[in-house]
Amino acid sequence: MDVNVFLVIFGVTAMLGGIATVLQKHPINAGMSLVLTFLSIAGMYALLDAHFLAFIQIIVYVGAVMVLIIYTIMLMDIRDNDLVGKFSVVRGIGAVVALLLLAVLVAQIPTTTPHMATVPASFGTVAEFGKQLFGRYLIPFEVASILLLAAIVGALHLARPSEGGDL
Amino acid sequence: MTGFLLTVSAVLFACGVFGVLVRRNMLILLMCIELMLNGANLALVIFARQWGNLEGQLLAFFVITVAAAEVGVGLGIILTLFRRRDSLDIDRFSRLRW
(Lines give C-alpha, C1' and ligand atoms only; values in the text may rest on other atoms or scores of the structure.)
Protein backbone atom coordinates (compact mmCIF):
# COMPACT_ATOMS: atom_id res chain seq x y z
CA MET A 1 0.00 0.00 0.00
CA ASP A 2 2.21 2.81 -1.20
CA VAL A 3 -0.43 5.37 -0.31
CA ASN A 4 0.41 4.81 3.33
CA VAL A 5 4.14 5.22 2.81
CA PHE A 6 3.75 8.62 1.21
CA LEU A 7 1.28 9.68 3.87
CA VAL A 8 3.87 8.85 6.53
CA ILE A 9 6.60 10.67 4.60
CA PHE A 10 4.48 13.78 4.16
CA GLY A 11 3.40 13.61 7.79
CA VAL A 12 6.97 13.49 9.04
CA THR A 13 7.98 16.31 6.70
CA ALA A 14 5.08 18.45 7.89
CA MET A 15 6.00 17.90 11.53
CA LEU A 16 9.67 18.69 10.90
CA GLY A 17 8.73 21.83 9.00
CA GLY A 18 6.43 22.94 11.79
CA ILE A 19 9.10 22.43 14.46
CA ALA A 20 11.65 24.21 12.29
CA THR A 21 9.33 27.18 11.78
CA VAL A 22 9.14 27.99 15.46
CA LEU A 23 12.80 27.40 16.17
CA GLN A 24 14.47 29.37 13.40
CA LYS A 25 16.09 32.67 14.22
CA HIS A 26 15.69 34.53 10.95
CA PRO A 27 12.13 35.03 9.64
CA ILE A 28 13.12 34.01 6.12
CA ASN A 29 14.23 30.59 7.31
CA ALA A 30 11.01 30.24 9.26
CA GLY A 31 9.07 31.22 6.15
CA MET A 32 10.81 28.60 4.05
CA SER A 33 10.13 25.93 6.67
CA LEU A 34 6.50 26.95 6.68
CA VAL A 35 6.38 26.59 2.89
CA LEU A 36 7.70 23.04 3.32
CA THR A 37 4.98 22.37 5.89
CA PHE A 38 2.26 23.71 3.61
CA LEU A 39 3.46 21.64 0.68
CA SER A 40 3.54 18.49 2.83
CA ILE A 41 0.02 19.20 4.03
CA ALA A 42 -1.10 19.65 0.42
CA GLY A 43 0.42 16.26 -0.36
CA MET A 44 -1.48 14.75 2.54
CA TYR A 45 -4.70 16.32 1.33
CA ALA A 46 -4.19 14.78 -2.11
CA LEU A 47 -3.61 11.36 -0.56
CA LEU A 48 -6.69 11.70 1.66
CA ASP A 49 -8.97 12.12 -1.37
CA ALA A 50 -9.21 15.91 -0.98
CA HIS A 51 -7.98 16.81 -4.44
CA PHE A 52 -9.65 20.19 -4.72
CA LEU A 53 -8.38 21.20 -1.29
CA ALA A 54 -4.85 20.18 -2.21
CA PHE A 55 -4.93 22.57 -5.17
CA ILE A 56 -6.46 25.34 -3.10
CA GLN A 57 -3.84 24.81 -0.39
CA ILE A 58 -1.02 25.25 -2.87
CA ILE A 59 -2.56 28.15 -4.75
CA VAL A 60 -3.81 30.11 -1.74
CA TYR A 61 -1.48 29.21 1.11
CA VAL A 62 1.83 28.66 -0.64
CA GLY A 63 1.20 30.86 -3.64
CA ALA A 64 -0.48 33.85 -2.02
CA VAL A 65 -0.15 33.89 1.76
CA MET A 66 3.49 32.81 1.97
CA VAL A 67 4.51 35.01 -0.96
CA LEU A 68 2.93 38.00 0.80
CA ILE A 69 4.66 37.14 4.07
CA ILE A 70 8.04 36.70 2.40
CA TYR A 71 7.66 39.97 0.51
CA THR A 72 6.89 41.69 3.81
CA ILE A 73 9.95 40.11 5.43
CA MET A 74 12.11 41.34 2.57
CA LEU A 75 10.69 44.86 2.77
CA MET A 76 11.34 45.26 6.47
CA ASP A 77 14.61 45.92 8.16
CA ILE A 78 15.20 42.76 10.14
CA ARG A 79 17.38 43.29 13.14
CA ASP A 80 18.78 40.75 15.54
CA ASN A 81 16.11 41.24 18.13
CA ASP A 82 14.53 37.82 18.34
CA LEU A 83 17.10 35.45 19.75
CA VAL A 84 15.58 32.05 20.25
CA GLY A 85 18.44 30.67 22.31
CA LYS A 86 17.97 33.09 25.15
CA PHE A 87 16.22 31.16 27.87
CA SER A 88 13.85 32.95 30.22
CA VAL A 89 11.12 31.89 32.63
CA VAL A 90 8.35 33.03 30.30
CA ARG A 91 9.70 30.97 27.43
CA GLY A 92 10.01 27.96 29.71
CA ILE A 93 6.39 28.31 30.80
CA GLY A 94 5.39 28.66 27.16
CA ALA A 95 7.18 25.46 26.26
CA VAL A 96 5.56 23.60 29.17
CA VAL A 97 2.10 24.84 28.16
CA ALA A 98 2.62 23.77 24.55
CA LEU A 99 3.82 20.33 25.63
CA LEU A 100 0.84 19.95 27.95
CA LEU A 101 -1.49 20.88 25.10
CA LEU A 102 0.18 18.32 22.87
CA ALA A 103 -0.19 15.65 25.57
CA VAL A 104 -3.88 16.44 26.04
CA LEU A 105 -4.54 16.35 22.29
CA VAL A 106 -2.67 13.11 21.72
CA ALA A 107 -4.44 11.47 24.66
CA GLN A 108 -7.76 12.06 22.94
CA ILE A 109 -6.77 10.19 19.79
CA PRO A 110 -8.55 6.84 19.87
CA THR A 111 -6.32 3.80 19.77
CA THR A 112 -8.85 1.61 17.97
CA THR A 113 -9.95 3.48 14.91
CA PRO A 114 -12.90 2.31 12.87
CA HIS A 115 -12.40 1.36 9.28
CA MET A 116 -11.97 4.12 6.78
CA ALA A 117 -15.25 4.65 4.98
CA THR A 118 -15.32 3.56 1.37
CA VAL A 119 -15.88 6.70 -0.57
CA PRO A 120 -17.05 7.04 -4.17
CA ALA A 121 -14.50 7.98 -6.77
CA SER A 122 -15.89 11.48 -6.95
CA PHE A 123 -15.15 12.26 -3.29
CA GLY A 124 -13.34 15.55 -2.92
CA THR A 125 -13.07 16.24 -6.62
CA VAL A 126 -13.75 19.64 -8.16
CA ALA A 127 -17.15 18.54 -9.48
CA GLU A 128 -18.35 17.34 -6.11
CA PHE A 129 -17.06 20.44 -4.39
CA GLY A 130 -18.76 22.63 -6.96
CA LYS A 131 -22.07 20.85 -6.43
CA GLN A 132 -21.87 21.51 -2.69
CA LEU A 133 -20.53 25.05 -2.90
CA PHE A 134 -23.16 26.19 -5.35
CA GLY A 135 -25.90 24.05 -3.89
CA ARG A 136 -26.18 23.63 -0.18
CA TYR A 137 -23.40 26.03 0.80
CA LEU A 138 -24.21 28.89 -1.51
CA ILE A 139 -24.83 31.44 1.23
CA PRO A 140 -21.52 30.82 3.05
CA PHE A 141 -19.80 31.02 -0.31
CA GLU A 142 -21.27 34.44 -1.06
CA VAL A 143 -20.62 35.67 2.47
CA ALA A 144 -16.98 34.57 2.10
CA SER A 145 -16.67 36.71 -1.01
CA ILE A 146 -18.04 39.70 0.93
CA LEU A 147 -15.49 38.95 3.64
CA LEU A 148 -12.71 39.01 1.07
CA LEU A 149 -13.96 42.35 -0.21
CA ALA A 150 -13.89 43.75 3.32
CA ALA A 151 -10.36 42.39 3.79
CA ILE A 152 -9.19 44.03 0.56
CA VAL A 153 -10.63 47.39 1.54
CA GLY A 154 -9.18 47.11 5.03
CA ALA A 155 -5.71 46.17 3.84
CA LEU A 156 -5.69 49.00 1.30
CA HIS A 157 -6.67 51.50 3.96
CA LEU A 158 -4.01 50.25 6.36
CA ALA A 159 -1.26 50.33 3.77
CA ARG A 160 -1.86 53.90 2.66
CA PRO A 161 0.76 56.45 3.63
CA SER A 162 -0.31 58.29 6.77
CA GLU A 163 0.66 61.87 6.07
CA GLY A 164 0.33 63.62 2.73
CA GLY A 165 -1.16 61.91 -0.25
CA ASP A 166 -4.02 62.87 -2.46
CA LEU A 167 -6.96 61.90 -0.32
CA MET B 1 -3.30 5.32 10.03
CA THR B 2 -5.76 7.82 11.38
CA GLY B 3 -3.94 7.84 14.71
CA PHE B 4 -0.65 8.86 13.14
CA LEU B 5 -2.28 11.53 10.99
CA LEU B 6 -4.13 12.99 13.95
CA THR B 7 -0.83 13.06 15.83
CA VAL B 8 0.65 15.06 12.97
CA SER B 9 -2.25 17.50 13.25
CA ALA B 10 -1.79 17.79 17.02
CA VAL B 11 1.96 18.35 16.69
CA LEU B 12 1.42 21.11 14.12
CA PHE B 13 -1.10 22.80 16.37
CA ALA B 14 1.14 22.52 19.44
CA CYS B 15 4.07 23.94 17.47
CA GLY B 16 1.91 26.90 16.52
CA VAL B 17 0.91 27.46 20.14
CA PHE B 18 4.54 27.24 21.24
CA GLY B 19 5.58 29.74 18.60
CA VAL B 20 2.87 32.24 19.52
CA LEU B 21 3.85 32.04 23.19
CA VAL B 22 7.61 32.19 22.79
CA ARG B 23 8.54 34.18 19.70
CA ARG B 24 8.69 37.96 19.66
CA ASN B 25 8.93 38.76 15.98
CA MET B 26 5.53 39.78 14.67
CA LEU B 27 5.94 38.09 11.29
CA ILE B 28 6.90 34.79 12.88
CA LEU B 29 3.87 35.17 15.12
CA LEU B 30 1.68 35.45 12.04
CA MET B 31 3.32 32.37 10.59
CA CYS B 32 2.65 30.41 13.77
CA ILE B 33 -1.02 31.40 13.65
CA GLU B 34 -1.16 30.01 10.11
CA LEU B 35 0.50 26.85 11.39
CA MET B 36 -2.27 26.40 13.97
CA LEU B 37 -4.93 26.91 11.31
CA ASN B 38 -3.32 24.31 9.11
CA GLY B 39 -3.19 21.82 11.94
CA ALA B 40 -6.93 22.23 12.45
CA ASN B 41 -7.59 21.98 8.71
CA LEU B 42 -5.67 18.74 8.55
CA ALA B 43 -7.80 17.27 11.34
CA LEU B 44 -10.95 18.32 9.45
CA VAL B 45 -9.79 16.66 6.24
CA ILE B 46 -8.77 13.47 8.08
CA PHE B 47 -12.18 13.10 9.65
CA ALA B 48 -13.90 13.95 6.37
CA ARG B 49 -12.07 11.04 4.79
CA GLN B 50 -12.69 8.68 7.67
CA TRP B 51 -16.43 9.12 7.74
CA GLY B 52 -16.91 9.75 4.04
CA ASN B 53 -18.50 13.13 4.70
CA LEU B 54 -17.57 16.02 2.43
CA GLU B 55 -18.59 18.70 4.90
CA GLY B 56 -15.25 18.51 6.71
CA GLN B 57 -13.48 19.48 3.52
CA LEU B 58 -15.97 22.29 2.92
CA LEU B 59 -15.32 23.72 6.36
CA ALA B 60 -11.58 23.47 5.69
CA PHE B 61 -12.13 25.39 2.44
CA PHE B 62 -13.83 28.22 4.28
CA VAL B 63 -11.12 28.22 6.94
CA ILE B 64 -8.52 28.66 4.18
CA THR B 65 -10.52 31.55 2.74
CA VAL B 66 -10.85 33.33 6.08
CA ALA B 67 -7.19 32.72 6.88
CA ALA B 68 -6.12 34.30 3.60
CA ALA B 69 -8.24 37.39 4.34
CA GLU B 70 -6.81 37.52 7.85
CA VAL B 71 -3.22 37.41 6.61
CA GLY B 72 -3.91 40.29 4.25
CA VAL B 73 -5.27 42.50 6.98
CA GLY B 74 -2.69 41.27 9.51
CA LEU B 75 0.20 42.24 7.26
CA GLY B 76 -1.35 45.69 6.86
CA ILE B 77 -1.48 46.01 10.63
CA ILE B 78 2.13 44.85 10.98
CA LEU B 79 3.23 47.38 8.36
CA THR B 80 1.43 50.18 10.19
CA LEU B 81 2.96 49.19 13.53
CA PHE B 82 6.40 48.98 11.95
CA ARG B 83 6.03 52.47 10.53
CA ARG B 84 5.02 53.76 13.94
CA ARG B 85 7.78 52.28 16.10
CA ASP B 86 10.34 51.00 13.57
CA SER B 87 10.52 47.63 15.28
CA LEU B 88 8.97 44.19 14.80
CA ASP B 89 9.36 43.23 18.43
CA ILE B 90 5.96 42.83 20.05
CA ASP B 91 7.41 43.53 23.48
CA ARG B 92 7.86 47.13 22.37
CA PHE B 93 4.16 47.64 21.81
CA SER B 94 3.04 47.58 25.39
CA ARG B 95 1.44 51.01 25.75
CA LEU B 96 -1.97 49.45 26.37
CA ARG B 97 -0.76 47.64 29.46
CA TRP B 98 -1.93 48.59 32.90
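Roughly how much of A:Tyr71 is accessible, in Å² to the nearest 10, using a 1.4 Å probe?
Answer for A:Tyr71: close to 130 Å² accessible.
For A:Lys25, what accessible area in Å² do you get when you roll a 1.4 Å probe over the heavy atoms of the protein chains, rounding to the nearest 10?
In the full protein context, A:Lys25 sits at about 100 Å².
Could you pull out the trypsin sites (Lys or Arg not before Pro) across chain B that fall in loop regions by DSSP (anything but H, G, I, E, B) with no more than 12 other Cβ atoms inside 10 Å?
B:Arg95, B:Arg97
Could you run the numbers on buried accessible area between A and B, total for both chains, 1.4 angstrom probe, in Å² to the nearest 100?
Roughly 6600 Å² of accessible surface disappears when A and B pair.
Would you mind getting me the FRET efficiency between A:Asn29 and A:Leu148? Use the beta-carbon distance for r and R0 = 25 Å, nearest 0.05.
Computed FRET efficiency for A:Asn29 and A:Leu148 comes out at 0.25.
Taking the Cα centre of each part, how many Å lie between segment A:4-36 and segment B:1-74?
Going from one Cα centre to the other spans 13 Å.
Compute the helix-to-body angle for B:55-85: its Cα long axis versus the longest principal axis of chain B, expressed 0 to 90° and rounded to tens.
Its long axis makes an angle of about 10 degrees.
Could you work out the relative contact order of segment A:9-162? I mean the mean sequence separation of Cα pairs under 8 Å and 6+ apart, divided by the number of residues, in percent. Write down the numbers at each step before the final one.
Numbers: 84 pairs, mean separation 31.0, N = 154.
It rounds to 20 percent for segment A:9-162.
Rounded to the nearest whole Å², what accessible area per residue is found for segment A:92-167 with the 1.4 Å probe?
Ligands and nucleic acids excluded, the figure is 73 Å² per residue.
Percent of accessible area on the protein assembly as shown owned by carbon and sulfur, 1.4 Å probe? If you can, show how the numbers build up before the last one.
Numbers: 9910 of 13960 Å².
Its accessible area is 71 percent carbon and sulfur atoms.
Where only protein heavy atoms count, and the probe is 1.4 Å, what is the accessible area per residue for chain B in Å²?
Here the residues of chain B average 40 Å² of exposed surface.
Pop out the ³J(HN,Hα) list for segment A:62-70 in order, Karplus 6.51 cos²θ - 1.76 cosθ + 1.60 with θ = phi - 60°, rounded to Hz; leave Gly and Pro as x.
Here the 3J(HN,Hα) series is 6, x, 10, 5, 5, 5, 4, 5, 5 Hz.
Across peptide A:29-35, what mean number of C-beta atoms from other chains lies inside 10 Å of a residue's C-beta?
Whole-number average of other-chain Cβ neighbours for A:29-35 is 3.
With the dipole of chain B worked out from charges on the C-beta (+1 for Lys and Arg, -1 for Asp and Glu) around the Cα centre, which of B:Val17, B:Leu54, B:Gly76 lies farthest toward the positive end?
With unit charges placed on the Cβ atoms, the residue in question is B:Gly76.
The values are calculated or read from the model by the stated rules, or taken from the named source; none is laboratory data. Since this is a predicted model, take the numbers as computed values, not measurements. So basically every Cβ, Gly included, is an ideal-geometry build from the backbone, and we count neighbours across all protein chains shown. Ligands, DNA and RNA are stripped out before the accessible areas are found, and what is left, the full protein with its side chains, is counted by its heavy atoms. Shrake-Rupley method; radii C 1.70, N 1.55, O 1.52, S 1.80 Å.
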